[in-house]
Amino acid sequence: MHCYQIFYVMKSAFVVLVLFAACLFFHACKTNEENDSDFSVSGYVSTNGQVVENASVILDDLVQYQSYTDSEGYFEINNVSKGTHDLKASKTLTNGAYTLKSYKVEVFDDLVLDYLLLPNPVELLSADLDTTDNTLTLTWNQSTAEDYREYKIYSNVTSALDETTGTLEHVATERNDTMLDLQMQNAETRFYRVFVLNEFGQLGGSNLLSA
C-alpha cells in the first residue's frame, strides 16, 4: 500500500472517529437536557384543615406548568426543569373572592409537597347604609393567615375594582379590625372590596359589595 493510500485511510478513519465522538457528545447533551427537564412537582393544597378542590397551581406563571387540584386536593405538574421555581397556589370562590399564596421551590428530583396552605378566604359580609346620616358600615370575616400584615379597603364607581383602579378608603393593620364606617359624600353607587396582604403582596381579595 502506497503512503498516500495509508494517509487517506488514516484521514478517513480520523474523520469517522471525530463524527462518532460528535454524535456521542450531542446525544449526551440532549440526554442531559431531557433529564434536566424531566421532573415532576406534586402535592396537596389545603386551607383551614380542609383539602381545596379545583385550586390552581402554577410554576413561573407559565401555562404549560399549570395544574388544578382534584377532589382530594392533589395536583401534579410534569416535565419540570431543574432549578428554582416560583410556585403560586390560588383558589377563586363563586362569589369572586379569592385566596392565594406564593412559594419558592427547589427542583433537583421529583418533588412532593404536602405543605401548600392557602389562607382562609376573606369575604365582605355586609354593606349597610344608615340613611339618617349617610354612614356606610362594611364588615368582613377575619383573616387567619400567619403572615397577615394588613387589610386594604378600596372602592370604585364600577365593578372593575382592584388596587390599581380603585380608591383606597382604609388600611387596617389589626387582624380583628373587620369593620369600617364610611361617610358617604355623594348620591352615587360605589363598589367595595377588601384585599389581604402580607409583607410581599396579596394573600387574597374579597367579593364585591355595592352601596
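The values are calculated or read from the model by the stated rules, or taken from the named source; none is laboratory data. These numbers come from a predicted model, not from an experiment. Counting neighbours? That spans all protein chains shown, and the Cβs are built from the backbone with ideal geometry, glycine included. Heavy atoms of the whole protein, side chains included, go into the accessibility calculation; ligands, DNA and RNA do not. Shrake-Rupley method; radii C 1.70, N 1.55, O 1.52, S 1.80 Å.
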Worksheet item: Tell me, what is the per residue accessible area of the range 110-188 in Å², probe radius 1.4 Å?
Response: 57
Fill in: Potential extension, N95-T164 segment - 0.36 nm per residue separation minus Cα distance
22.8 nm
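Can you work out the FRET efficiency for the pair A172 and Q64, with r the C-beta to C-beta distance and R0 = 45 Å, to the nearest 0.05?
Taking R0 as 45 Å, the efficiency between A172 and Q64 is 0.70.
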Item to complete: Please report the relative contact order for the range 55-132, taking Cα pairs under 8 Å with a sequence separation of at least 6, and give it as a percent rounded to a whole number.
Response: 25
Worksheet item: How high is the relative contact order of the range 101-211, in percent, with contacts defined as C-alpha pairs under 8 Å that are six or more residues apart?
Response: 30
Discussion item. With a 1.4 Å probe and all protein chains left in place, how much of the accessible area of the range 85-211 comes from carbon and sulfur atoms, in whole percent?
Written reply: 48
Item to complete: Using only protein heavy atoms and a 1.4 Å probe, report how much of T99 is accessible, in Å² to the nearest 10.
Response: 10
Discussion item. Percent of Cα-Cα pairs more than 15 Å apart in the range 115-182, please.
Written reply: 61
Worksheet item: Tally Lys/Arg at +1 and Asp/Glu at -1 over every other residue whose Cβ is under 10 Å from the Cβ of Q202; what's the total?
Response: 0
Discussion item. What distance in nm lies between label points placed 7 Å from Cα along the C-beta direction at T189 and S71?
Written reply: 3.9
